[in-house]
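Participant: Sharing a structure below in structure tokens format, with a few things to ask.
The values are calculated or read from the model by the stated rules, or taken from the named source; none is laboratory data. Note that the structure is predicted; figures quoted are calculated from it, not measured. Note: ideal-geometry Cβ built from the backbone for every residue, glycine included; neighbour counts use all protein chains shown.
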């Protein structure tokens, strides 16, 4: 049976239109970092927009945790300024929120200054919109446009770092960098799988020796 070429072209055109209008146009493939100050809005033109969120001020007993997160953030992500503006559509910056510019240098970060200058009020606004305000944090959250332009039904990528130890923060940022390259349609499902694996891994790390001892005891009892 011969295929009508005009009908085939029309079918392909319709398919392309459906794909274009149903995609979220998320094109970010390169993770980066930047600082967003209180008086600033994120510039337009990037592929997507991420934010590092602390939901609570640090206490004396966990201040080192905040420093460790800052160090991992800067260690794993390169400054946006390292990339030409022509590549912005393929870049997703993750922002550190800061109240003031004094002591904040994105190329040569001083994490003590960065933590002390963190903008918690702005962070809580973003956390509330992402419905993660009650989390211990920190949290990584992203949308395919600046937060100020998002709507309640926009899909967000969320990675809660609460259960990652300080030694595991580099791996957490590795997961984040991997996931921001994915289509938003699989963001939630993808992280559900990752977090289930992380929960099981944390369980084994915490109770592994006890489980081994229990197995030995059972073996001794039942031979």
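Participant: Might you check whether a residue that is modelled with pLDDT of 75 or more and either on the phi > 0 side of the Ramachandran plot or assigned to a loop (DSSP other than H, G, I, E, B) (or both) occurs anywhere in region 182-205? Give the steps one after another, and end with the answer.
Facilitator: Keep residues of region 182-205 that are modelled with pLDDT of 75 or more, which gives none.
Scanning region 182-205, I find no residue that is modelled with pLDDT of 75 or more and either on the phi > 0 side of the Ramachandran plot or assigned to a loop (DSSP other than H, G, I, E, B) (or both), so the answer is no.
Participant: Conditions: (1) touching a helix residue (DSSP H, G or I) at 6+ places or on another chain (Cβ under 7 Å); (2) farther than 24 Å from residue 44 by Cα. Residue 141 meets all but one. Number of the miss?
Facilitator: (2)
Participant: With 120, 83 as the choices, which residue is within 17 Å of residue 40 (Cβ to Cβ) and surrounded by 13 or more Cβ atoms within 10 Å (Cβ to Cβ)? Even if it seems obvious, please write down each step before you answer.
Facilitator: Working: 83 fails: within 17 Å of residue 40 (Cβ to Cβ).
Only one candidate qualifies: 120.
Participant: Would region 96-107 turn up any residue that is more than 19 Å from residue 156 (Cβ to Cβ) and buried (at least 20 other Cβ atoms within 10 Å of the Cβ)?
Facilitator: Within region 96-107, one or more residues are more than 19 Å from residue 156 (Cβ to Cβ) and buried (at least 20 other Cβ atoms within 10 Å of the Cβ).
Participant: A further question on this structure: Go through region 102-136 residue by residue and tally those that are touching a strand residue (DSSP E or B) at 6+ places or on another chain (Cβ under 6 Å) and not in a helix (DSSP H, G or I).
Facilitator: Residues meeting the conditions: 8.
Participant: Can you name every residue in region 137-155 that is outside any strand (DSSP E or B) and buried (at least 20 other Cβ atoms within 10 Å of the Cβ)?
Facilitator: Of the residues in region 137-155, the ones outside any strand (DSSP E or B) are 137-138, 144-155.
Selection gives 137, 138, 144, 147.
Participant: If you scan region 46-78, which residues turn out to be touching a helix residue (DSSP H, G or I) at 6+ places or on another chain (Cβ under 9 Å) and in a loop (DSSP other than H, G, I, E, B)?
Facilitator: Keep residues of region 46-78 that are touching a helix residue (DSSP H, G or I) at 6+ places or on another chain (Cβ under 9 Å), which gives 46-58, 63-77.
Across region 46-78, the qualifying residues are 46, 47, 48, 54, 55, 56, 57, 58, 77.
Participant: Taking the condition surrounded by 13 or more Cβ atoms within 10 Å (Cβ to Cβ) and in contact with a helix residue (DSSP H, G or I) (Cβ under 9 Å, 6 or more places away or on another chain), does residue 37 pass? Give the derivation first.
Facilitator: Details: surrounded by 13 or more Cβ atoms within 10 Å (Cβ to Cβ): yes; in contact with a helix residue (DSSP H, G or I) (Cβ under 9 Å, 6 or more places away or on another chain): no.
No.
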